Amino acid sequence: MAERPFWYHTMELAPGVVTPGLFDLRPVVDKMPWPDVRGKRCLDVGTYDGYLAFEMERRGAAEVVAVDVEDRLWDWPADARPAPADETTGGGFKLAAQVLGSSVSWRPLSIYDLDPAIVGSFDVVVCGGILQHLRDPVRALEAVRSVCAEWFLSAEHIDLWLSVLFRRRPVARLNGSGPWCDWWASNAAGHRRMLYSAGFAAEHISRPFVVEFNEHETPRTTIRTLPARIVQHLLAGTRNPGVLNQAVLARPRL
């Protein structure tokens, strides 16, 4: 593990052996409205190091497939360059799977290319923290719907102030710049509308929660950022710094 320079997910691979990931999903995984995955065929889209894929396996899924792009073939903005080769996707997943003794299978596939003719259909599809990094999130969600037979769990970043100021109106802010491929920052209503536009019907919606930073650089709290920290605490119930998220459990409606 020490020889691998980059981890996205914080995971405990063995007692006391924890990966130095950018984000730690362990405190919030049970805040998501999970469907029953026992005995189901499941798909994790944009798996990176595989935390959610391994979680479905732990919860009793019969089969778990994890997909992600190789060599960080992301929707790069024009002013950004691909990351160094030592940060390619898949390596962390394969190492973690080996240590955990996991049977989750990893496939190099873009979310845009999901097709039942290629991967079949799945009882449960999970997607976490990917829509903000896509040029065309609705087209990506339509591809997800094409392989989703029963349940779709979508856990995504929601913009704090847009969610507070526009509680019912779907709104998104365009960035499209920088090395993190941040394209769209939507509010909670915008996340739900994207799901609806792609053919899903929301069944359960979580309370907003914060995915905490681990190795990720933590922004300093200043007089300018303090109001956002206070409002985020009121919404999510935590003072710890991180990224505000909301999870929606949906069914295909079309």
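Do we find that Ser186 is of a type in the set (Ser, Thr, Tyr), in contact with a strand residue (DSSP E or B) (Cβ under 7 Å, 6 or more places away or on another chain), within 25 Å of Thr238 (Cα to Cα) and surrounded by fewer than 20 Cβ atoms within 10 Å (Cβ to Cβ) in this structure? No.
Where helices (runs of 4 or more DSSP H) sit wholly within the stretch 43-137, those with at least 1 residues that are closer than 26 Å to Pro5 by Cα and of a type outside the set (Val, Ile, Thr) occupy 51-58, 91-100. How many residues are at pLDDT below 85, under 18 Å from Gln132 (Cβ atoms) and of a type outside the set (A, V, I, L, M) when one looks only at the stretch 218-240? Of the residues in the stretch 218-240, 1 are at pLDDT below 85, under 18 Å from Gln132 (Cβ atoms) and of a type outside the set (A, V, I, L, M).
For the stretch 9-60, how many residues are small (Gly, Ala, Ser), modelled with pLDDT of 95 or more and either over 19 Å from the mean Cα position of the chain (by Cα) or closer than 18 Å to Phe213 by Cβ (or both)? Residues that pass the stated criteria total 2. Taking the listed residues Gly60, Gly39, Gly90, Gly16, the one that is within 30 Å of Ala236 (Cα to Cα) and either among the aliphatic types (A, V, I, L, M) or touching a residue at least 12 places away in the same chain (Cβ under 8 Å) (or both) is Gly60, with no other qualifying.
Every residue, every condition in (1) farther than 17 Å from Val29 by Cα; (2) surrounded by fewer than 22 Cβ atoms within 10 Å (Cβ to Cβ); (3) among the acidic types (Asp, Glu), yes or no:
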{"residue": "Asp113", "(1), (2), (3)": "yes, yes, yes"}
{"residue": "Val124", "(1), (2), (3)": "no, no, no"}
{"residue": "Arg139", "(1), (2), (3)": "yes, yes, no"}
{"residue": "Ala143", "(1), (2), (3)": "yes, yes, no"}
{"residue": "Ser154", "(1), (2), (3)": "no, no, no"}
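The values are calculated or read from the model by the stated rules, or taken from the named source; none is laboratory data. Here the structure is a predicted model, which means the values were calculated and not measured. Positions of Cβ are backbone-derived with ideal geometry, glycine not excepted, and every protein chain shown enters the neighbour counts.
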